[in-house]
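For reference, the structure discussed in these notes is given below.
The values are calculated or read from the model by the stated rules, or taken from the named source; none is laboratory data. As the structure is a computational prediction, the values presented were derived from the model and not from experiment. No Cβ is skipped: glycine too gets one built from the backbone with ideal geometry, and neighbour counts run over all protein chains shown. For accessibility, only protein heavy atoms count, side chains too; no ligands or nucleic acids. Shrake-Rupley method; radii C 1.70, N 1.55, O 1.52, S 1.80 Å.
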Amino acid sequence: MAKMSLIFSLFVGLLMVVLVSSAKFDDLYQTSWAFDHVQYDGDTLKLNLDNYSGAGFASKSKYLFGKVSIQIKLVGGDSAGTVTAFYMSSDGPNHNEFDFEFLGNTTGEPYLVQTNVYVNGVGNREQRLDLWFDPTKEFHTYSLLWNQRQVVFLVDETPIRVHTNLEHKGIPFPKDQAMGVYSSIWNADDWATQGGRVKTDWSHAPFIASYKGFDIDACECPASVAGADNAKKCSSSAEKRFWWDEPTLSELNVHQSHQLMWVRANHLIYDYCTDTSRFPAIPTECVHHRH
């Protein structure tokens, strides 16, 4: 009987875990601006950029911890000057944010992916890499895994960046602000391609980014709930367990660590940690991060 009671308690605890997973755009997201630059083609959503406007969408809810994934096929051909972004962000001047920014380029040159992490309103943690495939030919999956130990940026489940919780070193970590999920396409030819030297060629417009596979497996946080209460609600306890709090997700496994090392060795082209012109003193987290 005691065993049955334990099983029932575990089952009830699992039911309390707030998870969302869907492949339908309208279940999770809504267009946030430039409705006339958004197209639906079956299960695919398309954002258009022309010399009048870009476009964007946002999640209907905010989340604290979990995994967010989306499949994107980036702008093909000459995409110089354009930026397609997929990111999570909280609100306010002291916001937290995790960014994927896909920087367009001239025909035949590789797309660059810039990632960034903001903590309490402070960013300046850019890394850039090229990809090991052409992201304009097929859909590829871009994901953010977030828990109390780490933030992991993934491309087709291969980790390309890890931001580790180093609070024990006095470094703030984003763990108490619920975030929305966003994507947009816009013109950034003042900086996006070769530092702004290559401008957007509007004769190639509209520039189209395509999306499908809208998946969120995370802890949903109502806007009416205070941050501290959300943090408690979305963390494992004796009554409930969340998959993102399991010990196996507190750091990369051996295979993932090797994948990250391969990415950094072969595809990383800029890392703020080694930019002594911007940071004469090495940023504190760079001293302590293993990756």
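Taking a label point 7 Å from the Cα of Glu109 along the Cα→Cβ vector, which residues of region 40-83 have an amide N closer than 11 Å to it? Backbone N within reach: 79-81.
Summing charges over neighbours of Asp27, with a neighbour being any other residue whose Cβ is under 15 Å away from its Cβ, gives -2 when K and R count +1 and D and E count -1.
Partnerless cysteines in the chain, where a partner means another cysteine C-beta under 4.7 angstrom, comprise Cys221.
So if we plug the beta-carbon distance of His255 and Phe133 into 1/(1 + (r/R0)^6) with R0 = 22 Å, what FRET efficiency do we get, rounded to 0.05?
That gives a FRET efficiency of 0.70.
Considering only alpha-carbon pairs that sit under 8 angstrom and 6 or more positions apart, the relative contact order computed for the chain is 27 percent. Set against the labelled values [x] 19.4, 59; [y] 19.8, 73; [z] 53.8, 176, Rg and Dmax of the Cα atoms in Å computed from this structure falls on [y]. Roughly how tilted is helix 2-15, in degrees to the nearest 10 and between 0 and 90, from the longest Cα axis of the chain? Helix 2-15 sits at roughly 30 degrees to that axis.
A Förster distance of 25 Å, applied to the separation of the beta-carbon atoms of Glu126 and His288, puts the FRET efficiency at 0.85.
Computed from phi, the 3J(HN,Hα) profile of region 104-110 under the Karplus parametrisation 6.51, -1.76, 1.60 (θ = phi - 60°) reads x, 8, 6, 3, x, 9, x Hz, with x in place of Gly and Pro.
Of all the accessible heavy-atom surface of the chain, with the other protein chains kept in place and a 1.4 Å probe, what percent is carbon and sulfur?
Values: 7480 of 14040 Å².
Looking at the chain in its full context, I get 53 percent from C and S.
A cut-off under 13 angstrom between Cβ atoms defines the neighbours of Thr107, and their net charge, with Lys, Arg +1 and Asp, Glu -1, is -4. Go through Pro280, Tyr118, Trp132 and say which Cα lies farthest out towards the positive end of the charge dipole of region 25-286; charges sit on Cβ, +1 for Lys and Arg, -1 for Asp and Glu. Positive-end residue among those listed: Pro280.
Neighbours of Glu239, meaning other residues whose beta-carbon lies under 14 angstrom from its beta-carbon, give a summed charge of +3 when Lys and Arg score +1 and Asp and Glu score -1.
Spin-label model, Arg278 to Ala238: label points 7 Å out along the Cα-to-beta-carbon direction sit 4.7 nm apart. Here region 137-205 is assigned +1 on the Cβ of each Lys and Arg and -1 on the Cβ of each Asp and Glu. Its dipole about the Cα centre then comes out at about 220 debye. Mean residue ellipticity, 222 nm, helices only, the chain: the sum of -39500 (n - 2.57) across DSSP H runs of n ≥ 4, divided by residue count and rounded to 500, is -4000 deg cm²/dmol. Among 167-174, 115-122, 237-244, the peptide with the highest mean count of other Cβ atoms within 10 Å heads the list, and the full ranking is 115-122, 237-244, 167-174. Averaged over residues, the count of other Cβ atoms within 10 Å places the peptides 133-145, 63-75 in the sequence 63-75, 133-145, highest first.
Sequence-distant contacts, meaning Cα pairs under 8 Å at least 6 residues apart, place the relative contact order of region 71-196 at 31 percent. What the chain shows is 48 Å² of accessible area per residue, with the surface traced by a 1.4 Å probe over protein heavy atoms. Using C-alpha pairs below 8 Å separated by at least 6 residues, the relative contact order for region 116-164 is 22 percent.
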